[in-house]
Amino acid sequence: MAELAALEDPKARAVNEKHGDDHGVNLGKLRAIAKRLKTQQDLARELWETGDSAARLLALLICRPKAFGQDELDAMLRDARTPKVHDWLVNYVVKKNPHAEELRRAWMPDPDPVVASAGWALTTERVAKKPEGLDLAGLLDVIEAQMKDAPERLQWAMNHCLAQIGIEHAEYRARALDIGERLEVLKDYPTSPGCTSPFAPAWIAEMVRRQHEATPA
């Protein structure tokens, strides 16, 4: 904790706070500490319990993702209130945990939009990697009905799922594009030069174009 406190940078904190994150530790330096510590599950649990965001990010880098129980991960997610901690917990830990599917099913209908967004993130992972058994048409129905008015984090997660369905599943591409065009979610989102817009129709078109370019004639 003393080492993390010594790395606190007011400028980094100011930038992070604009995104809803309450820490000022450079993530490159955080990863360097994690590389030195290697995997330490007990220490990871202790760091998480401090409630400090930088400590929790470090915990997620040195933990053993498969060692957490389902209820433990559920409690951790509900307690992970800053975006970076939430994202790392879902992407670095939950996705690698054997209970990921049960948690996906439990979180998607959750009344807390931040918890629900984690369920959608896990669903997007399945759309891309293991779509068997998913009701893609049903997912599009929900997105079409709810995404426009969803809170920001949930809206982002639904939009990512919409784009992934359009990118990965040609039979649903026209419908995904149509939903994106009509709802206009993130249509005017500022995008840096060289980056892909998060507006689903633009995102789908760009990724499909890249797939075609990568496929030998």
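The values are calculated or read from the model by the stated rules, or taken from the named source; none is laboratory data. A quick note: this is a predicted structure, and the numbers were derived from the prediction, not measured. All Cβ positions, even for glycine, are placed from backbone atoms using ideal geometry, and neighbour counts span all protein chains on display. We work out accessible area using only protein heavy atoms, side chains counted, and drop any ligands, DNA or RNA first. Shrake-Rupley method; radii C 1.70, N 1.55, O 1.52, S 1.80 Å.
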Exercise for review: Within region 96-109, track down each residue that is crowded, with 17+ Cβ neighbours inside 10 Å and in a loop (DSSP other than H, G, I, E, B).
Suggested key: 97, 99, 108
Study note, to complete from the structure: Subset of region 88-114, residues farther than 16 Å from residue 159 by Cα and within 13 Å of the chain's Cα centre (by Cα), comes to 88, 89, 90, 91, 92, 93, 94, 95, 104
Study note, to complete from the structure: Flagged in region 109-146 as over 20 Å from residue 204 (Cβ atoms) and touching a residue at least 40 places away in the same chain (Cβ under 8 Å), in numbering order, are 113, 114, 116, 117, 118
Point to revise | Identity of the residue in region 59-95, assigned to a helix (DSSP H, G or I) and basic (Lys, Arg), that ends up surrounded by the fewest Cβ atoms within 10 Å (Cβ to Cβ) | key: 66
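At least 1 residues that are within 23 Å of residue 94 (Cα to Cα) in each: list the helices (runs of 4 or more DSSP H) lying fully within region 118-217 that qualify.
Where helices (runs of 4 or more DSSP H) fall fully within region 118-217 and carry at least 1 residues being within 23 Å of residue 94 (Cα to Cα), they are 136-146, 152-168.
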Check your understanding: For residue 49, all conditions in the list (1) within 25 Å of residue 167 (Cα to Cα); (2) exposed (fewer than 14 other Cβ atoms within 10 Å of the Cβ); (3) of a type in the set (Asp, Glu) hold save one; what is the number of the exception?
Key -> (1)
Exercise for review: Could you please let me know if residue 104 is at negative phi and in contact with a Gly (Cβ under 7 Å, 6 or more places away or on another chain)?
Suggested key: yes
Review point. Does region 125-158 hold any residues that are closer than 24 Å to residue 77 by Cβ and open to solvent by less than 10 Å² (accessible area, probe 1.4 Å), and which are they?
Key: 127, 143, 147, 158
Point to revise | Checklist (1) touching a helix residue (DSSP H, G or I) at 6+ places or on another chain (Cβ under 6 Å); (2) open to solvent by 70 Å² or more (accessible area, probe 1.4 Å); (3) not acidic (Asp, Glu) applied to residue 161, failing item | key: (2)
Practice item. Find the residue count for region 9-23, including only residues that are open to solvent by less than 80 Å² (accessible area, probe 1.4 Å), in contact (Cβ under 8 Å) with a residue 24 or more places away in the chain and not in a helix (DSSP H, G or I). Key: 4
